[in-house]
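All remarks here apply to the structure that follows.
Bear in mind these aren't lab numbers, they're just calculated from the coordinates by the rules spelled out. All values reported here derive from a predicted model rather than from experimental measurement. Don't worry about glycine lacking a Cβ; one is built from the backbone with ideal geometry, like all the others, and counts go over all protein chains shown.
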Amino acid sequence: MAAARALATLLALAAAGSALADEPRLKPVRIVSRVRQEAPDPGAGVEALGQSAAPLSFDYEPLDWWSDWFNPIKPEAGKKQKTTIHVSNHGDTAVPKGTILSIWANRTTPAKCGETGDVDYKLPELLPFQTKAIKASWQMPDTPGEAQVRVFLDSACTVFSGSADYVQQSFTTTVVEAGSKYVYLQLAILNPGSLWRLLVVN
């Protein structure tokens, strides 16, 4: 009798084991997240080069610019120098048309908000994350020698009150006598996009 009960128990265990073998040991569980992703704070995650999906706020400087080479590298006295200036809006709001880009052919001191340049350009509307190219030229001094070309984006400070500190820069150039012949080698200034790719690749 005891042997019969033992046999029955073994058969029951064998049947249970067979049934379990047909089932996966761990069943996948569907996890549903109810946590809503929070939006980043304005300006959060902004890199030095502006390569961020998070838009800036106009509490910060939303504009940025870079240029091609100044041409010619060494301008002749009294002649024009030119370049293409690329202006970007990294903000989350459109910058209306009329923002002023000012350029001085030779200015060694920083300009203040509201000052006009030797030449002034009114920019078109810039949508968020949009870049526009501005062809600019200015007349160099009549006297040969060193000159400080100064570029001031948003010189009226209508977009951001601190533009004088953030998007104003000067470049040293040499004015030569008319008819001068020279060879001048210089590394091109990288724009933010090129520098970002260089950092990523290397």
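Please report, in cubic angstrom per residue, the volume enclosed by the convex hull of the alpha-carbon atoms of the stretch 54-120.
124 Å³
What is the local net charge at SER102, summed over the other residues whose Cβ is closer than 14 Å to its Cβ (Lys, Arg +1; Asp, Glu -1)?
Net of charged neighbours comes to 0.
Kindly state, to the nearest 0.05, the FRET efficiency for GLN130 paired with TYR184, given R0 = 35 Å and r defined as their beta-carbon distance.
0.55
Going down the list LYS122/LYS181; LYS112/LYS181; LYS97/LYS135, which pairs span over 27 Å between their C-alpha atoms?
Result: LYS122/LYS181; LYS112/LYS181 exceed 27 Å.
Computed FRET efficiency, Cβ-Cβ of ASP142 and GLN169, R0 25 Å: what is it to the nearest 0.05?
0.55
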